[in-house]
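No lab work stands behind these numbers, since they all come straight from the coordinates. None of the values given here were measured: they were computed from a predicted structure. Don't worry about glycine lacking a Cβ; one is built from the backbone with ideal geometry, like all the others, and counts go over all protein chains shown.
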Amino acid sequence: MPKQSSKANQEWRKIELERQKFDKKIKKKISNLFSEEENKLIESIKLNGIDSVFDVLNKNNETWETAYKQLYKEVIPAFVKLQLLSPIDNAQFDNFLDIATNTFISQNVGRKITFVSNTTKYKVSKIVEKAKAEALTIAETQDIIYNFDDFKLLEEQLVIEGVKDTYQSFSASRALMIARTEVGSASSYGQFEGGRLSGASKKIWNTAKDPEVRPSHQSLSGQEVDLNSKFSNGLMYPLDPFGSGKEIINCRCSLSFR
């Protein structure tokens, strides 16, 4: 296994520090999106009943799509610039950035939104399923006779409680996971495109060199391949969005070039 050089360690730290700036900013935005989505769901449940929740989530995909596009447009250019080895004509550089960023957006935004949406829908469907079962149990065990409207109101109250609990977790842990993964993917892609624009012929996989690095990436530390070749794990760069979740979620690896 190739040994990761001290220079590569320094380059990893430089990339990681820049990523952390974006992580904090993007996590806050995503957390706010989840809070807004939670409020939309609760309002719709009160006005239109439980069955309206999935229409709300479908309509909210446009909001998520806009947010993801903006994320990529902020992160990718920053890391292309960070990776450039020499100055380049501004007009040529701007054109390159537009093409590179739009390529990443067209290849990934649709898939990403579908995944986020499906995950949320699954969680919400479980909330609804649990609430209906709990409402039935309450109605059967309490010395209260519920009419149809009262029973529906009970179901709605239980769903709202479940939505609040679930979205509290979304706004914290899930928002952080999404921010880290998306900033990581976009930054690694930006690095790759910056290396390509600089004329690099080789790329090197760098890790954090700490106990948190997953075993499959420990073995990649210092691995060097041709710029347009895949690493031994099948990824073009760390957090390649076409990789499996076990390879990319919460990954902190980055690239260097020669």
Tell me the angle of helix 61-83 to the major Cα principal axis of the chain, expressed in degrees between 0 and 90 and rounded to the nearest ten.
20
Straight distance only, please: which aspartates and glutamates reach the Cα of Lys81 with their own Cα at less than 20 Å, same-chain residues fewer than 8 apart left out?
Glu11, Glu16, Glu18, Asp23, Asp89, Asp94, Asp98, Glu182, Glu193, Asp240
Point-charge dipole on Cβ atoms (K/R +1, D/E -1) for the chain, about Cα centre, debye to 20:
1480
The chain - percent relative contact order, Cα under 8 Å, separation 6 or more
31
In nm, spacing of pseudo-spin labels at Lys81 and Asp98 (7 Å Cα→C-beta vector):
1.8
Hey, with R₀ at 45 Å, roughly what FRET efficiency would Arg258 and Leu47 work out to, going by the Cβ-Cβ distance, to 0.05?
0.15
Mind checking which of Ile160, Ser173, Asn206 is farthest towards the positive end of the chain's charge dipole, using Cβ charges of +1 (Lys, Arg) and -1 (Asp, Glu) about the Cα centre?
Asn206
Expected output is a single nm value to one decimal: the length gained when fully extending between Phe151 and Ser229, i.e. 0.36 nm times separation in residues minus the C-alpha distance. What is it?
22.0 nm
Cα shape, the range 201-257, gyration tensor, a/c 1.5 rule
oblate
When the chain is fully extended, how far beyond the present Cα-Cα distance does Leu136 get from Lys29, taking 0.36 nm per residue of separation?
34.7 nm
Can you give the convex hull volume per residue for the Cα atoms of the range 17-199, as a whole number of Å³?
102
Rounded if a/c is under 1.5, else prolate if a/b is larger than b/c, else oblate: which is the range 112-258, with a ≥ b ≥ c the root eigenvalues of its Cα gyration tensor?
prolate
Shape descriptors of the range 1-75 over alpha-carbon atoms, Rg and Dmax in angstrom, are 19.4, 61
Want the number for Asn90 to Asn250: 0.36 nm per residue separation, take away the alpha-carbon distance, what's left?
54.2 nm
To the nearest 10 degrees, the tilt of helix 6-48 (Cα long axis) against the first principal axis of the alpha carbons of the chain is 20
